[in-house]
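Peer 1: Sharing a structure, written as structure tokens. Questions coming.
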Amino acid sequence: MLRLSQIKLSINHKEDEIKKAILKTLNIDNKDLISYKIYKQSIDARRKKLYFVYTLDIEVKNEEKVLKKNNKKVTLAPDLKYKYVNTGEKKLKNPPIIVGSGPAGLFAGLILAEMGYNPIIFERGKNVEERTKDVERFWKEKKLLANSNVQFGEGGAGTFSDGKLTTQIKNIRCRKVLEEFIEAGAPKEIIYKNKPHVGTDILKKVVVNIRKKIISLGGKFCFESQVTDLIIEDNKVKGVIINNTDFIESEVVVLALGHSARDTFEMLYKKI
Ligand SMILES: Cc1cc2nc3c(=O)[nH]c(=O)nc-3n(C[C@H](O)[C@H](O)[C@H](O)COP(=O)(O)OP(=O)(O)OC[C@H]3O[C@@H](n4cnc5c(N)ncnc54)[C@H](O)[C@@H]3O)c2cc1C
């Protein structure tokens, strides 16, 4: 796979003009272009006329020859496939626990489920369908439910965040997030658009589909299940207490609490 950068086209360009630009820039025949996809699209607004500037990932016949001939314009495309971290050698006695089902908890759950760990996700709020009703009621009647609101519930603060997918980090793993969003129903363009936007209506479906995927891979969700205590013995995590009553054993607890759970942070502050 090769990467071709700085392909500039008018913002009103037709779909086939991308292909034409590739053929022209690389000086190759149509039959030698196997496929292409947009890696990145940004807007050049420096002059009166607006342009899209594309970075394209392309598959061609005779890759080496094309690369050699166009060494200033094309490079080898980096391998963008998500790489899972190495696992330990000892088998876990219990499934890992994730506290919170915001973006952090959902993706920790997804990765662990994909790796075969059957994680259990505890979320103090309700599933997104029930939560949406509570949020709508709050906006109409101004009655706040402490554990089911814009901050707490499935999808976390992310669900009602409007979904401007911005991040300050440049990390290959961001692509995995976008790919999973698309698989779960987000628009395909988010993968290449600069500062993409999903919107709360779509996000709510995306969150449900990510939950379904985690469950299909062996994960489990427990809603209205607030972690009220973290059990530590001999400096090792032993498990959590749910809703002040049930002990759930696990030697791995991922705290994906966001920044609104003051009560949980106060509990942890006393513990750790
Ligand atoms: C109104 C608003 C708009 C935003 N807009 C954007 C935006 O457009 N783009 C953007 O990138 N970011 C936006 N953000 C920020 C973004 O939502 C957060 O950065 C993101 O949600 C953080 O993810 P998280 O998983 O770390 O935490 P959270 O999303 O806060 O999720 C934490 C979850 O943990 C659960 N939890 C907490 N304590 C416990 C406990 N003791 N037991 C069980 N569960 C618990 C909570 O119920 C919650 O569901 C917005 C935030 C808000 C509030």
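The values are calculated or read from the model by the stated rules, or taken from the named source; none is laboratory data. For clarity, every value in this text was computed on a predicted model and none was experimentally measured. Cβ: placed from backbone, ideal geometry, glycine included. Neighbour counts: every protein chain shown. Side chains are part of the model used for accessible areas, which takes the heavy atoms of the whole protein and leaves out ligands, DNA and RNA. Shrake-Rupley method; radii C 1.70, N 1.55, O 1.52, S 1.80 Å.
Peer 1: What ranking of Thr87, Thr159, Thr228 comes out by heavy-atom accessible area, probe 1.4 Å, highest first?
Peer 2: From most exposed to least exposed: Thr87, Thr228, Thr159.
Peer 1: How much of the accessible area of segment 97-271, probe 1.4 Å, is carbon plus sulfur, in whole percent?
Peer 2: Ligands and nucleic acids excluded, carbon and sulfur reach 53 percent.
Peer 1: Among Ile169, Ile98, Ser250, whose Cα lies farthest out toward the positive end of the dipole of segment 97-271, if unit charges sit on the beta carbon of Lys, Arg (+1) and Asp, Glu (-1)?
Peer 2: Ile169
Peer 1: Got a sec? Charge dipole of segment 2-76, +1 on Cβ for Lys and Arg, -1 for Asp and Glu; which of Ser35, Ala45, His13 is way out at the positive end?
Peer 2: Going by the Cα projections, it comes out as Ala45.
Peer 1: With an 8 Å Cα cut-off and a minimum separation of 6 or more residues, compute the relative contact order for the chain in percent.
Peer 2: The normalised contact order for the chain reaches 20 percent.
Peer 1: Can you show me the helix-derived [θ] at 222 nm for the chain, built from DSSP H runs with n ≥ 4 at -39,500 (n - 2.57) apiece and divided by the number of residues, rounded to the nearest 500.
Peer 2: -9500 deg cm²/dmol
Peer 1: If you count, for each residue, the other Cβ atoms within 10 Å and average over each peptide, how do 242-248, 178-184 line up from highest to lowest?
Peer 2: 178-184, 242-248
Peer 1: Something else now. So what is the accessible area of segment 1-127 per residue, in Å², with the probe set to 1.4 Å?
Peer 2: 63
Peer 1: Here is a follow-up. I'd like the distance between the alpha-carbon centres of segment 242-272 and segment 200-241, rounded to an integer number of Å.
Peer 2: What the calculation gives is 12 Å, centre to centre.
Peer 1: For Lys91, list the lysines whose Cα falls under 26 Å from its own Cα; do not include residues on the same chain fewer than 8 positions away.
Peer 2: Qualifying lysines at Cα under 26 Å: Lys83, Lys212, Lys213, Lys220, Lys236, Lys238.
Peer 1: So, one more: How do Met115, Met267 rank by accessible surface area computed with a 1.4 Å probe, from largest to smallest?
Peer 2: Met115, Met267
Peer 1: Out of segment 59-100, which GluC sites (Glu not before Pro) are coil in DSSP terms and have no more than 16 other C-beta atoms within 10 Å?
Peer 2: Hits after loop and neighbour filter: Glu89.
Peer 1: Given R₀ = 35 Å, FRET efficiency for Phe247-Asn86 by Cβ-Cβ distance, to 0.05?
Peer 2: With a Förster radius of 35 Å, E is 0.70.
Peer 1: Something else: Roughly how big is segment 2-76's charge dipole about its Cα centre, with Cβ charges of +1 (Lys, Arg) and -1 (Asp, Glu), in debye to the nearest 20?
Peer 2: Roughly 440 debye for segment 2-76.
Peer 1: At 1.4 Å probe size, put Tyr39, Tyr84 in order of accessible surface, largest to smallest.
Peer 2: Values: Tyr39 65, Tyr84 95 Å².
My answer, sorted largest first, is Tyr84, Tyr39.
Peer 1: Tell me the net charge near Lys81. Cut-off is 12 Å between Cβ atoms, Lys81 excluded, with +1 for each Lys or Arg and -1 for each Asp or Glu. Display every interim value, and only then the final one.
Peer 2: Numbers: positive: Lys83, Arg173, Arg175, Lys176; negative: Asp79, Glu179.
Taking every Cβ under 12 Å from that of Lys81, the sum is +2.
Peer 1: Moving on. Over segment 159-272, with the other protein chains present, what is the accessible area per residue in square angstrom, probe 1.4 angstrom?
Peer 2: Heavy-atom SASA per residue in segment 159-272 reads 63 Å².
Peer 1: Still on this structure: Quick one: work out the % antiparallel among DSSP beta bridges in the chain, nearest 5. Mind showing how you got there, number by number?
Peer 2: Details: 32 of 42 bridges.
Bridges in the chain that DSSP calls antiparallel: roughly 75 percent.
Peer 1: Another question, if that's okay. At a Förster distance of 35 Å, what's the computed FRET efficiency of Asp79 paired with Asn27, Cβ-Cβ distance as r, to 0.05?
Peer 2: 0.85
Peer 1: From the Cα gyration tensor of segment 116-269, with a ≥ b ≥ c the square roots of its eigenvalues, which class applies: rounded if a/c is under 1.5, or else prolate if a/b is larger than b/c, or else oblate?
Peer 2: Since a/c reaches 1.5 but b/c is at least a/b, the shape of segment 116-269 is classed as oblate.
Peer 1: Count charges around Ala21 for me, please; just the other residues with Cβ under 12 Å from its Cβ, Lys/Arg as +1, Asp/Glu as -1.
Peer 2: Numbers: positive: Lys8, Lys14, Lys19, Lys20, Lys24, Lys73; negative: Glu15, Asp16, Glu17.
Spelling it out: positives minus negatives among the neighbours equals +3.
Peer 1: In a shell of Cβ-Cβ distance under 14 Å around Ile182, excluding Ile182 itself, what net charge do Lys and Arg (+1) and Asp and Glu (-1) give?
Peer 2: +3
Peer 1: Mind putting a number on the dipole of the chain about its Cα centre? Charges go on the C-beta only, +1 for Lys and Arg and -1 for Asp and Glu, and I need it in Debye to the nearest 20.
Peer 2: 1560
Peer 1: Past the 31 Å Cα-Cα mark, which pairs from Lys24/Lys195; Lys14/Lys48; Lys24/Lys164; Lys195/Lys270; Lys81/Lys164; Lys19/Lys205?
Peer 2: Lys24/Lys164; Lys195/Lys270; Lys19/Lys205
Peer 1: Residue separation times 0.36 nm, minus the C-alpha to C-alpha distance between Leu50 and Asn235: what's the value?
Peer 2: Extending this stretch completely gives an extra 60.7 nm.
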